[in-house]
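The values are calculated or read from the model by the stated rules, or taken from the named source; none is laboratory data. Being a predicted model, the structure only gives us computed values, none of them experimental. Please note: Cβ atoms are built from the backbone with ideal geometry, for glycine as well, and neighbour counts cover all protein chains shown. Note: accessible area is taken over every heavy atom of the protein model, side chains too, but ligands, DNA and RNA are not part of it. Shrake-Rupley method; radii C 1.70, N 1.55, O 1.52, S 1.80 Å.
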Amino acid sequence: MAVVITSIKVRSPLGCTLEECMKNIELGKRCISTIENFNTAGFQTTAAGEIRCNGKVVITEPNIDRKNFFLDQITTELRNSTSFDKKYNPSEIAMNIGSGLDYVDIENLYKNREFTYPKTAHLPSHYKSNKQITEIAAKNNIKGGCNVFVAACAASTQAIGLSYKMVNRGIKEAVITGGADSMVNQINYLGFYNLGAMATAKEGEAPYICKPFDKNRSGTILGEGAIVILLENSKKVKQEKIIAQIAGYASTMDAYAVTDPDPSAKSLARAISNALKSASITPEMIDCVHLHGTGTYKNAPAEYKALAQIFKERVKELPVYSLKGQIGHMIGSCGAMEMLGVIYSIQNQVVLPTINFSEQDPHAPLYVIKEKPLSIPINYILKLNSSFGGENTALIIKKYE
Amino acid sequence: MRIIYKKYLPKEDIPVYDFVRKRKLVKYYTRDTMAAVVCTGLLLKGQEVSEETPFFFSNSESEMMDYYRDACIAFDQKRIPFTTHDFIKIAVPSISPLSHFKMMRNMAHCFISIEYGLKGDNAALLGSASGLLYSALLADTDKEVYIGAGKLHVNGTAEAGFGILLPYELKNHRMLDSNSEAINFFRQFHNFK
């Protein structure tokens, strides 16, 4: 038995269908631009990766919590296209989703002086992540528990991790997992800016630029997106439906500092080591690594040190990749969204170039692919994410055969 | 299975300083984090804590109005018509930078992990008992697991719980598929004074 991905629905800066997203990943399209969904007058930085359909930013009213608005859409799409609730007993299906900060509609907050919903809100609940996601699960006949993960940038991979364990151990027949987050609203965007992690580098026509692993990286850029992934037992699905296999998972904690990664990267290395054990494979079997790659100063050296502890000398020739230069940092949904890059690599047997990367950092001398894709046989991919707060996750994804 | 649960009324003092070594971090704590740190301290008192012990923590939905109340008052004082742009410009700077940390939902998990050097399997969740209990049941160990939960009410009442258990003790637990808040598990099953 294997835990397999059989369907994906998505809203992201890359597009609103899996096909559109894959096409734009292949093109290396930079989907970050000046924010259109709210007025950025007076803001120091104005760039983000906003959700687009056919290239156009999807604009919503201020009373809409975008992360759950899009999650609602794609969960319904997933149910309609797969009939998961007819195939399985609804109590044998769980929903595990990575999420982020609560949305605040400023005008409504100010006028009502309470954190409540306007009558026109899309979902009949407060702007509360757990409440909304539980409603989305109920609406889609998911009755085997609804669990919201909130470990910031590791939230959605922790959600995928528990989902993997649930199916792998036969606890649930199917799990709808993934993540939905949008910090692209005034309050949360400004709050993130105040943490000092936002990119300040500019290049050409780009308003600001996220340069994962690059010597001249200056920070990250926020993105937004929602993605749901259907995980099932391989023995209960048609083989042609299988997109990829989740083969292993582990999570560790830095317990070092609130804001910074542990510079020794020992806990992150242990997450990799535990995930390899969970997949019953050795480091030599990993063909490439899709890193967290935020474009911040401290992230790249920590990831390099973790890889060096596990892969030793091979770290110099182990191809790595980050999708964040294209779509931005989606915080609570980033790891799940970056599974699109992982699946692209598995399906096309290539490691893609990390866009905006040009000069290697001597403190993080990773083998980052530049300019054109690297074609290699790919059976196993290691996917890493680490959070503001210290949670680390490592997923092993396998080409299903 | 040993489970502790504590509830602190709105103005009640939470003796958090009796249970922390990293006192500088307390300024980032919300009241439910303080309560969770107290529960953890009481239950782990005299225990040898292995850094490998898995630790899972679930927050509840919290009322964030407190963070923005000062911003609304700051804007009122300007006596100008409301626009989102003016509110952002005038009022938002009055929100304390500490609040940004308090809004993040994984902070209680992070602070307790730092305090006790917990580096093992983990997850930070929001809401349901189901996610917390499944995480513990399916933890990467057959040894002890720590679980915790916190809830901050609109009026400032803080609740928290902490538990030490073995994963198999949760097998077939009646709250495994429950979407009720994780704090309910501690309210119902606490057995440690």
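Some values worked out for this structure:
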{"quantity": "Amide H partners (placed H, <5 Å) of A:Tyr400, local residues excluded", "calculated": "A:Gln245"}
{"quantity": "Chain A: most fluctuating residue of A:Ala41, A:Ala152, A:Ala247 per GNM, C-alpha cutoff 10 Å", "calculated": "A:Ala41"}
{"quantity": "Buried area at the A-B interface (accessible, heavy atoms, 1.4 Å probe, summed, Å²)", "calculated": "4700 Å²"}
{"quantity": "Share antiparallel - DSSP beta bridges, the protein assembly as shown, percent rounded to 5", "calculated": "70 percent"}
{"quantity": "Residue-wise HN-Hα coupling along the range A:28-36, computed from phi with Karplus coefficients 6.51, -1.76, 1.60 (Hz; x: Gly, Pro)", "calculated": "x, 5, 7, 9, 10, 8, 5, 4, 10"}
{"quantity": "Tail beyond 27 Å, pair distance distribution of chain B (Cα, percent)", "calculated": "32 percent"}
{"quantity": "HN-Hα J in Hz across the range A:76-87 - Karplus 6.51, -1.76, 1.60, θ = phi - 60°, x for Gly and Pro", "calculated": "5, 4, 5, 5, 5, 7, 10, 6, 4, 7, 9, 5"}
{"quantity": "Rounded Å value of the spacing that divides the Cα centres of the range A:1-62 and the range A:374-398", "calculated": "21 Å"}
{"quantity": "Candidates A:Lys131, A:Lys215, A:Lys202: whichever shows maximal mean-square fluctuation once chain A is modelled as a Gaussian network with Cα springs under 10 Å", "calculated": "A:Lys202"}
{"quantity": "Net charge contributed by nearby residues that have their C-beta within less than 10 Å of B:Pro167 (K/R +1, D/E -1)", "calculated": "-2"}
{"quantity": "Shape of chain A, Cα gyration tensor, a/c cut at 1.5", "calculated": "oblate"}
{"quantity": "Per-residue mean of C-beta atoms belonging to partner chains within 10 Å, peptide B:98-109", "calculated": "6"}
{"quantity": "Antiparallel bridge percentage (DSSP; both residues within the range A:3-241; nearest 5)", "calculated": "65 percent"}
{"quantity": "Shape of the range A:135-181, Cα gyration tensor, a/c cut at 1.5", "calculated": "oblate"}
{"quantity": "DSSP-defined antiparallel bridges as percent of all bridges, chain B, nearest 5", "calculated": "60 percent"}
{"quantity": "Rounded, prolate or oblate (a/c below 1.5 giving rounded, otherwise prolate when a/b exceeds b/c) for the range A:248-398 by Cα gyration tensor", "calculated": "rounded"}
{"quantity": "Alpha carbon Rg of the range A:304-354, scaled by the compact-globule rule 2.2 N^0.38 Å", "calculated": "1.28"}
{"quantity": "Whole-Å distance, taken between Cα centres, linking the range A:335-356 and the range B:8-80", "calculated": "39 Å"}
{"quantity": "Solvent exposure of the protein assembly as shown as accessible area per residue, Å², 1.4 Å probe", "calculated": "37 Å²"}
{"quantity": "Highest-fluctuation residue, A:Ser182, A:Ser33, A:Ser375 considered, GNM on chain A with Cα pairs under 10 Å", "calculated": "A:Ser375"}
{"quantity": "Unit Cα scatterers, Debye sum, the range A:3-241: log10 I(q)/I(0) for q = 0.18 Å⁻¹", "calculated": "-1.38"}
